[in-house]
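The values are calculated or read from the model by the stated rules, or taken from the named source; none is laboratory data. From a predicted model like this one, the values you see are computed outputs, not experimental measurements. Cβ placement follows ideal geometry from the backbone for every residue including glycine, while neighbour counts extend to all protein chains displayed.
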Amino acid sequence: MKRACLLAVALTLGATLPRAAAPTITVDASTSPGTVSPLLYGLMTEEINHSYDGGLYAELIRNRAFLEDAAAPAHWSAVQDDGAAGTMALDPSQALSTAIGTSVRLEVTQASAGHRAGMANEGYWGIPVRPNTRYHASFFAKAAPGFTGPITVAIESEDGKTTFATGRVSGVTPAWKPYEVTLTTAALMPTAKARFVLTVDRPGTIWFGLVSLFPPTYKNQANGFRPDLLQMLIDMRPKFLRFPGGNYLEGDQIADRFEWKKTLGSLSERPGHMAPWGYRSTDGLGLYEFLLWAENMNAEPVLAVYAGYSLKGAYVKPGPDLEPYIQDALDEIEYVTGPASSKWGSLRAKAGHPAPFKLTYVEVGNEDFFDRSGSYNQRFVQFNTAIKARYPHLQVISTVGFEHPENQRVRSVTPDVVDEHYYRTVDAFLKAARGQYDKYDRKGPKIFVGEWGAYETPFEPWNPRSRGEAPTPNMRAAIGDAAWMTEMERNSDLVIMNCYAPLLVNVNPGARQWRPNLIGYDALRVYGSPSYHAIKLFATHVGDEILKASASDTDVLVSVTRDSRSRILYVKLVNPGAADASVQLNVTGAALRPTATALTLAADPQATNSIDSLARVVPVTSQVADVKPRFAYTVPANGIVVLALETR
Ligand code: AHR
């Protein structure tokens, strides 16, 4: 029978017409079916996009140890004022140390007062000059007989015409000695169009090694962190820090892996190493600094140990060949957690941290599904057995999750946790957010989503063509991210940890290898992408109880948690649609107070933040009146809302 005919029959019989169902979000607060993992939201980090050198690690001199290029002192240039003459060259015959097997020789043949010669460093896309600020400059120097100084140390404009801060050292001898000077700026307009210079005003031959310049760091920690950038991370209230990678852990070849023992101690003993993202790492941010970074954020380390596989396919055969790498991992765990009286714990204590760090999770490798030799199963078992034998309380993470075929996963033991990585389009995340984890076996391993991020465009993050695109994602991507977070949060009895990747990007041309990234910066400024704000909203409004919630007749995605102490309900709503979505919220099992707070992040899908527009898309706080067990709420188009519902 035709539809019109049916309607006519229904009308004739006086039947009620079926009404369009009202879009409804239902929340049952009477019981909590599960617990929110206390470590649900954290951070993942590696040296990519100049995350550390030229990023979080506050060092301002680029190529401070002269190891970046064996042919010439990259990022340094000669300074020769009118009438002065000098040359600058690498000199491996005058190595600074065993680790730093070179220095730079400055040969000044002509110079006089007002006619200086020397060398200048361009910094990481400029040297940030801020008003009334003290900079700590240091270097090693020695000179051929006949020259004792002075050496002028300065921060000046790129053209050398304006001096922002200056100091001097003298008493240079023919033996290597460290020198230090404080450079203080006056009241001035901040600029990054500046360089760092070492100059002399008389002829002489001088060698320099490990030339360093630090601005004030977070809490004035030595060899520390850029405060504005670290504060952005602290504001996310991460519960863990996964380090040291990513691909950065593995290196392209086995010799390029993150060799933690070479990242410890004084900077003159750290050779640095070639990182997989096309540039050399100073390792100034080494294992100890990773731990301090986590501690500064009140987060616990999730330690990734090198597991015998590197990116270009080389692997270490399981069995005796792997033993030294396993020992290295055990030593590393001892460095992190051992008492100050232990061999490796004592080095940590010597560095300034006698108390062991808390460690619960150790990850064995990174993305070992790329190891086509099929050796991961056995390598994992060998690491797992050794780690559990020595540290039975540690939870060990496999790097191959259920998104990969069974024959690539660890099969001979059940890992405590598996790490799944999801770089997906927004649409793929919207789909996955509708039940991906419902299908998972609750008796199997826990899930760590150790890398994830939504793409507005098809996934080709390292494609050179994508380098012209914005380094950070737009509002549309934030919608995909938020949708995915609702899925992880609803399932956080299973998904115990998650972290977006990559975290940081220096937005200068040539600085980045990936897009999109969460937080962008240049030498002076820093901003969070819409995805940053979305994650921050989620991570800072998460209780400890999962509540049952469902959505019907609406595309709005939902996740609800409760803080068992404050009894506040956090209702997260994500509207991926281009129109506002009016929903009926039905809350049972809790006595709601009549007013609530809404935190809203909503914007045009293409809208974004950038280095020149730092805060175009940011959350807005508002009050919601007339909150009742059943109340109407409108989720804005392309909008993410966290409703904090207080209860009596
Ligand atoms: O996050 C960027 C890279 O993506 C990581 O280094 C790697 O683990 C993944 O393939």
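At-a-glance table
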| item | result |
| --- | --- |
| Complete set of residues in the range 147-161 that are farther than 13 Å from residue 190 by Cα and touching a strand residue (DSSP E or B) at 6+ places or on another chain (Cβ under 8 Å) | 147, 149, 150, 151, 152, 153, 154, 158, 160 |
| Given (1) surrounded by 18 or more Cβ atoms within 10 Å (Cβ to Cβ); (2) in contact with a Phe, Trp or Tyr (Cβ under 7 Å, 6 or more places away or on another chain), index of the condition residue 373 fails | (1) |
| Scope the range 234-263; condition within 16 Å of the ligand (Cβ to nearest atom), of a type outside the set (Lys, Arg), out of contact with any His (no Cβ under 8 Å at 6 or more places or on another chain) and within 17 Å of residue 285 (Cβ to Cβ); matching residues | 241, 243, 244, 245, 246, 247, 248, 249 |
| Options 236, 232; residue that is modelled with pLDDT of 95 or more and touching a helix residue (DSSP H, G or I) at 6+ places or on another chain (Cβ under 6 Å) | 236 |
| Residue identified as more than 16 Å from the ligand (Cβ to nearest atom) and of a type in the set (Phe, Trp, Tyr) among 437, 500 | 437 |
| Odd one out for residue 426 among (1) within 20 Å of residue 34 (Cβ to Cβ); (2) away from the ligand (no atom under 16 Å from the Cβ) | (1) |
| Unique residue being of a type in the set (Gly, Ala, Ser), away from the ligand (no atom under 16 Å from the Cβ) and touching a strand residue (DSSP E or B) at 6+ places or on another chain (Cβ under 6 Å) when the list is 224, 319, 209 | 209 |
| Residue in the range 411-422 that is within 26 Å of residue 301 (Cα to Cα), out of contact with any strand residue (DSSP E or B) (no Cβ under 6 Å at 6 or more places or on another chain) and either modelled with pLDDT of 95 or more or away from the ligand (no atom under 16 Å from the Cβ) (or both) present | yes |
| Strands (runs of 3 or more DSSP E) (entirely within the range 567-648) containing at least 3 residues that are of a type in the set (Ser, Thr, Tyr) | 592-602 |
| Filter result (within 18 Å of residue 448 (Cα to Cα) and more than 16 Å from the ligand (Cβ to nearest atom)) within the range 342-389 | 359, 360, 361, 362, 380, 384 |
| Qualifying residue in the range 264-274 (condition: at negative phi and within 16 Å of the ligand (Cβ to nearest atom)) | yes |
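Results for (1) assigned to a helix (DSSP H, G or I); (2) buried (at least 24 other Cβ atoms within 10 Å of the Cβ), shown as yes or no for each residue.
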{"site": "472", "(1), (2)": "no, yes"}
{"site": "488", "(1), (2)": "yes, yes"}
{"site": "542", "(1), (2)": "no, yes"}
{"site": "551", "(1), (2)": "no, no"}
